[in-house]
1. With respect to LEU291, determine if the residue is over 20 Å from the mean Cα position of the chain (by Cα), part of a helix (DSSP H, G or I) and buried (at least 22 other Cβ atoms within 10 Å of the Cβ).
2. Starting from residues that are within 16 Å of the ligand (Cβ to nearest atom) and either farther than 17 Å from ASP46 by Cα or polar (S, T, N, Q) (or both), keep the ones in the stretch 133-146 and report whichever is surrounded by the most Cβ atoms within 10 Å (Cβ to Cβ).
3. Just for helices (runs of 4 or more DSSP H) wholly inside the stretch 158-272: which have at least 3 residues that are within 30 Å of VAL10 (Cβ to Cβ) and away from the ligand (no atom under 16 Å from the Cβ)?
4. Tell me, which residue of the stretch 67-85 that is of a type in the set (A, V, I, L, M) and free of Cβ contacts under 8 Å to residues at least 60 places away in the same chain is nearest to ALA41 (Cα to Cα)?
5. Out of the stretch 147-158, which residues are surrounded by fewer than 19 Cβ atoms within 10 Å (Cβ to Cβ), in contact (Cβ under 8 Å) with a residue 12 or more places away in the chain and in contact with a strand residue (DSSP E or B) (Cβ under 9 Å, 6 or more places away or on another chain)?
6. Is it the case that the stretch 104-112 has a residue that's within 14 Å of the ligand (Cβ to nearest atom) and closer than 23 Å to GLU33 by Cα?
7. Considering only the stretch 31-45, state which residues are surrounded by fewer than 17 Cβ atoms within 10 Å (Cβ to Cβ) and not in a loop (DSSP other than H, G, I, E, B).
8. For the structure I just gave you, tell me whether VAL49 is assigned to a helix (DSSP H, G or I) and either within 20 Å of the chain's Cα centre (by Cα) or not assigned by TED's automatic domain parsing to the domain that holds TYR139 (or both).
Amino acid sequence: MAEMIDDALVLRGARFPGRYLQGPGAINQTASEAAAFATVALVLLDGGVFDLFAPRLRDLFDGAVKAEILRFGGESSEAAIAEVTARLARSGAGVVIGVGGGKALDTAKAAAFRAGLPLIIVPTIAASDAPCSALSVIYNEDGSVDRDLFLPRNPDLVLVDTAIIAQAPPRFLAAGIGDALATWYEAESCRKSGAKNCLGLPGLPVAYAIARECREAVLTFGREALAECDTCRPGPAIERVVEANILLSGLGFESGGVAAAHAIHHGLTELDEVHHALHGEKVAIGILAGLLLNGESEEFDRIRRFLAEVRLPVSLADIGIVEVNEEKLQRVARRACRAGEIIHNEPFAVTEAMVVKALRALT
Ligand SMILES: [Zn+2]
C-alpha cells in the first residue's frame, strides 16, 4: 500500500536556497557576495553577537557596497518586522543580510520578503536547519509563538562560516544534530504515507536521499564534531555536521516533509519548564517518542545511546520536566495530535493515548 502511494504518478516538488557556501572564513565573502545583488545593503545583526561581529562587518563593507548595520534585539514580532521593513525603504538597500541566530534570521527573512528584496543569511550557530528554509517563525511580544510565516522563496544565499560555528558553545551544534537526525525519520514517514512536504506536494526521491545522507552524516561524525567544537577550532567532522545540520536537514525537511518528531516538539512547548531547552533538544525527545510510536524498539535503543553520546536529552527530566504527571502528558499529546497537525503524516493513525504512552516511556 505504502509503495503504491509512493509510486503514484502525481506532481511532486522540492525547494532549495539559491546558493550555499560553507567553510572557515566564509564570512569574509559577505561584502563581495552582497555586491552581486546591490550597492547598498542592510545588515540585521543579532544583538547577542553584535559586539563580536559589528567591527569585522564594518571592515568588510569598507568598499564597493555601502552597508547599514542594524542591531537586532528582542522578538521576531510583527512590530520588529515592520520596523526593519521601514528601515529598508529609508536606506535604499537592495539586499538584506541577516547575521546571527534564530530570531534575527527570522526577522531578516520576513522583512526581505515584505520589501521584495534578495536575502543573504549568515548563521553564527548551527543549532537548527532554519537558515536554509523559506519559513519565518513570528513571535508575540511576550515570546510565545504567534504563527509560521511561509515565504514564497528560500534565501538567495546561505553563507556558513565554520570557524565561527566552531567557536560557538557546543550545545548549539548538539541541538542542530538533534534537529538534523529527525529529518530522515520524518521524511521516511511522509514517503510511506504519501504525506505532503512544505510545498504542499509529495516529495521527489531526491528529498529522501538527502534526508538519508543527513542522518548518516550526524551518526558518523556527530561525536567527533563536538570534540572539535570543544577545542573551538573547525575540523573535518564539524564541516560534515554543519552541512548536515543546516543544508541537508533544511532540504530534507522542506522537500521531504515533517511528522511525529516535530509534532511532539510542538506539544512539548506547551509546558513552561521546557522553555529553556533549544529547538533541537526538544526534537531529540520527539525522535525517541516517534520511534516508540512506530514500534522501532531496536532503533530506539540505538538512537537513545547516540543522543546521550552527543549530549542531547534522552528523558523528559533532561529537558526540564522533572515532575511528570498525567495532566502534563495529556497537554503535550493534545497539542501534538490536534486536527491537521503533522503527526498525522505518520503512516498509521496516531492517537493522544499513544503519544502519552510513548512520553511515559521517556520518564
Ligand atoms: Zn526543526
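The values are calculated or read from the model by the stated rules, or taken from the named source; none is laboratory data. Not measured: the values here are computed from a predicted model. FYI the Cβ positions are ideal-geometry reconstructions off the backbone, even for glycines, and counts take in every protein chain you see.
1. yes
2. Top of the filtered list is SER133.
3. It comes to 170-193, 205-230.
4. ALA67
5. Within the stretch 147-158, ASP148, LEU149, PHE150, LEU151, ARG153 meet the criteria.
6. yes
7. Within the stretch 31-45, SER32, ALA35, VAL40 meet the criteria.
8. Here the answer is yes, as VAL49 does meet what is asked.
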